[in-house]
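Chemist: Before anything else, here's the structure in question.
The values are calculated or read from the model by the stated rules, or taken from the named source; none is laboratory data. Source: prediction; values computed, not measured. Methodologically, a virtual Cβ is constructed for each residue, glycine included, from the backbone with ideal geometry; neighbour enumeration extends over all protein chains shown. Protein only, heavy atoms only, side chains kept; ligands, DNA and RNA dropped before computing areas. Shrake-Rupley method; radii C 1.70, N 1.55, O 1.52, S 1.80 Å.
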Amino acid sequence: MAERIRHQLYLSRPVSDRLEQLAARPGVCKSAILADAVVAWLDRRGASELDDRFGMRLDRISAALARLERNDHVLLETLALFVRYELAVQPPLAENDAAGRARAAKRFDAFVIQVGRQVATGKASIAADRDGAK
């Protein structure tokens, strides 16, 4: 059994009455109730310290994630508008234009391969385009 240390404390009448009511149940003593209450209070304080210690970091991470989400939304919206524009400007292929369809399929395959290369290298093609334009 852990060493127990005696403490003397003062409680207000309403708190003391509530403690008496709780301790009136069989198998419960005031010391155990107060010890549990102090442990619970200290645990909450510890949780507060963790929040104080890591709260700012978590807030910064949340803000960064929000910016990434916004950037993704801008990129997707840009792509959608570009595709809509291209579909509106380019005339559709004729039903019997097999050569045109084959050429379009090859271009699409080349596009998908290029996207795969860019993603695999981790290099942004937008930054390369901007640097080349300077």
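Chemist: Under the 0.36 nm per residue contour assumption, what length would be gained going from the current alpha-carbon distance of residue 65 and residue 104 to full extension?
Modeler: Length difference between fully extended and current span is 10.3 nm.
Chemist: Calculate the FRET efficiency for residue 42 and residue 13 from the Cβ-Cβ distance with a Förster distance of 25 Å, rounded to the nearest 0.05.
Modeler: Once rounded, the FRET efficiency stands at 0.50.
Chemist: Gaussian network model of the chain, Cα springs within a sub-10 Å range: biggest mean-square fluctuation belongs to which of 52, 109, 72?
Modeler: Maximum among the listed residues: 109.
Chemist: Compute the accessible area per residue over segment 30-104, keeping the other protein chains in place, probe 1.4 Å, unit Å².
Modeler: 90 Å²
Chemist: Pop out the ³J(HN,Hα) list for segment 51-58 in order, Karplus 6.51 cos²θ - 1.76 cosθ + 1.60 with θ = phi - 60°, rounded to Hz; leave Gly and Pro as x.
Modeler: 5, 5, 6, 10, x, 5, 5, 5
Chemist: Could you give each residue of segment 30-42 its phi-based ³J(HN,Hα) in whole Hz, using Karplus coefficients 6.51, -1.76, 1.60 with θ = phi - 60°, and x for Gly or Pro?
Modeler: Each residue's phi maps through the Karplus curve to give 4, 4, 5, 4, 5, 5, 4, 5, 5, 4, 4, 5, 5 Hz.
Chemist: A further question follows. Per the 1.4 Å probe, what fraction of the accessible area of the chain, in percent, lies on carbon and sulfur atoms?
Modeler: Roughly 60 percent, rounded to a whole number.
Chemist: What is the Rg over Rh value, at two decimals, for the chain, using alpha-carbon atoms and the Kirkwood definition of Rh?
Modeler: Rg/Rh: 1.47.
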